[in-house]
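Participant: Before I ask anything, let me first share the structure, which is written out below as structure tokens.
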Amino acid sequence: MDHGARPAVMITGGCGFIGSHLARSLAGQGFPVTVVDRERWPDDLVDSVRIDVTDFDDCVKVVSTVDPGIIFHLAASSTIDSAFRDPRGSLADNIGGTMNMLEAARTSCTDLRRFVLASTDKVYGELTGDAYVETSALEARGAYDVGKLSADNLVRLYGYEFGLPVTTIRLCNVFGPGDPNTGSRIVPRTLDRLFAPAGARPPVIYEDSLGHGRDYVYVSDVVRALETIAFETAARGEVFNMAPAAHRTTLELVEEMIDLAWRACAPSDWDRANAIRANGYEVVGGAGSPSVLRRQHCAAPKLAALGFRNRVSLSDGLQRTIGSFLRDRGIGGRTFARPEGGRLPS
């Protein structure tokens, strides 16, 4: 995509999982990128400013200094578990942080071209039909879900009432290399146990989530979608569902990861491969949150109308993520290579 002159880009939450992938992509395309986060960016690829977006004065200061043309607002309390444990802190991040950044952008940007919010499909609440579309009722109930819905509504308010050039994308379950949430999110949590340094351990599935249906999408496709709606003129003022790569129940996803992890390890680490297959998975009691949704699925016709298509299938994305775990933990050496004869042992 030709973006013309490269405007300054600000990414709140840019040290996080999705934010770091987005920052590296935009910097690689020649954009001047400033990451705004509670953490410090680890190298000199981008400019880095440490603030807490719940501090309005700091938000105004950094926006005034950088004067970005594009703001990607990804800073948030990012998991259901953390919101359930600390609802006040989560709501302060997701609602207060969004309000602060919107107001800072409204009052301090001289040529803001787009304010992009990363929202979630959880704003829709429990799925009762075939799929959510962007006009589906918003019936969020949990602490995380309501905080994100409130942020979603604040962005709509600033677009309608104050003319801010806003766009929102409602993401499904994003996975890929570099996700640190090994205690909560199903993909890194499962792989963390399969590739534990001391040897493979059985992945844990909560009993009440075995049949939960979710959409999954690889992180590079999310980055492409964020970039698309940030620079596409027709996306201004609109809300988009993220297009999923695939829909799976929790059990189906874990079984697929176990199979792919076994195949990845078999050529060079037969002991771990055998353990992965022999261990299977462990079913334990419920997660303890009363707000977990049983079924979610998005349709994304509006993204498709912009010409967007996912490039990474679920299987390919899981293979890439497994390869990253293997490299990071020094396990094996030939991800998804096959032994002589072209067949893996059965």
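Participant: In whole angstrom, how far apart do the alpha carbon centroids of the range 218-275 and the range 93-154 sit?
Facilitator: Going from one Cα centre to the other spans 22 Å.
Participant: I've got another one for you. Over the range 71-155, how many percent of alpha carbon pairs lie in each 10 Å bin up to the one with the longest distance?
Facilitator: In whole percents, the pair-distance histogram is 18, 45, 28, 8, 0.
Participant: Something else: What relative contact order, as a whole-number percentage, does the range 68-182 give when Cα pairs under 8 Å and 6 or more residues apart are counted?
Facilitator: Relative contact order here is 33 percent.
Participant: Apply 1/(1 + (r/R0)^6) to the Cβ-Cβ distance of Thr135 and Val284, taking R0 = 51 Å, and write down the FRET efficiency to the nearest 0.05.
Facilitator: The pair Thr135/Val284 has a calculated efficiency of 0.85.
Participant: What is the range 159-258's relative contact order, in percent, from Cα pairs under 8 angstrom and six or more apart in sequence?
Facilitator: 40
Participant: How much length, in nm to one decimal, is gained on full extension between Arg311 and Leu251, taken as 0.36 nm per residue of separation minus their Cα-Cα distance?
Facilitator: 19.1 nm
Participant: Of all DSSP beta bridges located in the chain, what percent are antiparallel, nearest 5? Don't skip to the end; give the middle numbers.
Facilitator: Working: 4 of 37 bridges.
Just about 10 percent of them are antiparallel.
Participant: Okay, which of the range 180-208 sit inside 20 Å, backbone N to the point 7 Å along the Cα-Cβ direction of Asp271?
Facilitator: 192-203
Participant: Using a Förster distance of 35 angstrom, determine the FRET efficiency expected from the C-beta separation of Ser64 and Arg327, and round it to 0.05.
Facilitator: E between Ser64 and Arg327, to the nearest 0.05, is 0.30.
Participant: Moving on. Run the simple label-point estimate for Asp47 and Gln29 please: 7 Å along Cα→C-beta, distance reported in nm.
Facilitator: My value for the distance between the label points is 2.0 nm.
Participant: While we're here: Which of Thr228, Thr128 has the fewest other C-beta atoms within 10 Å, and how do the rest follow up to the most?
Facilitator: Details: Thr228 18, Thr128 11.
Arranged by neighbour count, lowest to highest, Thr228, Thr128 become Thr128, Thr228.
Participant: Output the relative contact order of the chain, whole-number percent, from Cα pairs under 8 angstrom with separation of 6+ residues.
Facilitator: 16
Participant: Starting from 0 in steps of 10 Å, tell me what percent of the Cα-Cα pairs of the range 206-301 lands in each bin.
Facilitator: 13, 30, 29, 20, 7, 1
The numbers here are math on the coordinates, done by the rules we state, and not lab data. The structure presented is a predicted model; accordingly, all values stated were derived computationally and were not measured. Quick reminder, even Gly has a Cβ in these numbers, built from the backbone with ideal geometry, and neighbours come from all protein chains shown.
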